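Notes to accompany the following structure.
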Amino acid sequence: MIRRLAPSVLNADLAQLADQVRLVEDAADWVHLDIMDGRFVPNLTFGPPVVAALRPHTGRYLDCHLMVEDPEALLPALAEAGANGVSMHVEPLDDPGRALAAAAGHGLDAGLALKPGTPLDRVLPFMDRVDLVLPMTVEPGFGGQEFDQRVLPKLAAAHRAIVASGRPIALQVDGGVNATTLPRCLAAGADTFVVGTAIFGADDPAAAAKAFRELIGGGDG
Ligand code: DX5
Ligand code: ZN
């Protein structure tokens, strides 16, 4: 059983990004990087140059969550920066199949993310080629928001669709994941857990990450 912890550095001390990643690295399977353009979401973070700057400091899989209007435009630079996977929001994509093919063409694992109110139907036509599905459990843009439990049935439906596909598609959750909500996501079939403030807002992020790793069980494959 593959299960992954993906600490999100969005609410870490970004002035010390490499050190913050190092703090949680032992417990982390992936490092989750939230790329925002100030247009798709009302927040602006960082882009490929910061991914490239972080790359030499960690051997971990760099999981880039693209909260941007035009994710395809970023793919060449992210691949060049050493990103491993990208999750593109389906909402702004006029042709998700083309975007997934472009990511794969750049050697990136290709995922599709959905806002809480976006129906799963939007990603079902792509189960034959997607590497990851991310039903967001908060409105994307900011860390520290409350988990939206109304997404749990969609998470369970995504899990069923993944099983039916017979493909090794990761089912990621992101937003308000903490020690209380994580087990509910696990029960719904999630296998890849993004945890932001519950790790980096803790007094001891390394210990918090270790505790989440134990809570999740399994390991990366
Ligand atoms: C929010 C980001 C998340 C964020 C999660 O739009 O996609 O990755 O860092 O933070 P928490 O775990 O605090 O909800
Ligand atoms: Zn994210």
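The values are calculated or read from the model by the stated rules, or taken from the named source; none is laboratory data. Note that the structure is a prediction, hence the values are computed from the model and not measured. All Cβ positions, glycine included, derive from the backbone under ideal geometry; neighbour counts span all protein chains shown. Please note that ligands, DNA and RNA were not included when accessible areas were found on the heavy atoms of the full protein model with its side chains. Shrake-Rupley method; radii C 1.70, N 1.55, O 1.52, S 1.80 Å.
Observations, loosely collected:
- Think of the chain as having a plus end and a minus end, set by charges on the Cβ of Lys, Arg, Asp and Glu; of L74, G97, P183, P183 sits farthest toward the positive end of this dipole.
- Based on Cα contacts under 8 Å between residues 6+ apart, the stretch 30-100 shows a relative contact order of 34 percent.
- The chain, helix-only ellipticity at 222 nm - DSSP H runs n ≥ 4, -39,500 (n - 2.57), divided by all residues, nearest 500: -9500 deg cm²/dmol
- Euclidean distance between Cα centres, the stretch 127-189 to the stretch 1-54, Å: 18 Å
- Gaussian network model of the chain, Cα within-10 Å springs - most flexible of N84, N178, N43: N43
- With both labels modelled 7 Å from their Cα along Cα-to-Cβ, the A15 to R150 distance reads 3.9 nm.
- Mean Cα-pair separation over length for the chain, i.e. relative contact order, pairs under 8 Å, 6 or more apart, %: 24 percent
- Of the DSSP H helices in the chain, none is both long (alpha-carbon extent of 27 Å or more along the helix axis) and hydrophobic (Kyte-Doolittle mean at least 0.5).
- The listed peptides 161-168, 10-17, ordered by packing as a protection proxy, come out as 10-17, 161-168 (highest mean of other Cβ atoms within 10 Å first).
- Relative contact order %, the stretch 110-221, counting alpha carbon pairs below 8 Å whose residues are six or more apart: 23 percent
- Residue of A187, A27, A158 that the Gaussian network model of the chain assigns the largest fluctuation, springs spanning Cα pairs under 10 Å: A187
- Solvent-accessible area per residue, Å², over the stretch 21-87 with all protein chains present [probe radius 1.4 Å]: 39 Å²
- Only Lys, Arg (+1) and Asp, Glu (-1) charged, at Cβ; the chain dipole about Cα centre in debye: 540 debye
- By accessible area, using a 1.4 Å probe on protein heavy atoms only, the stretch 61-177 has 51% of its surface on carbon and sulfur.
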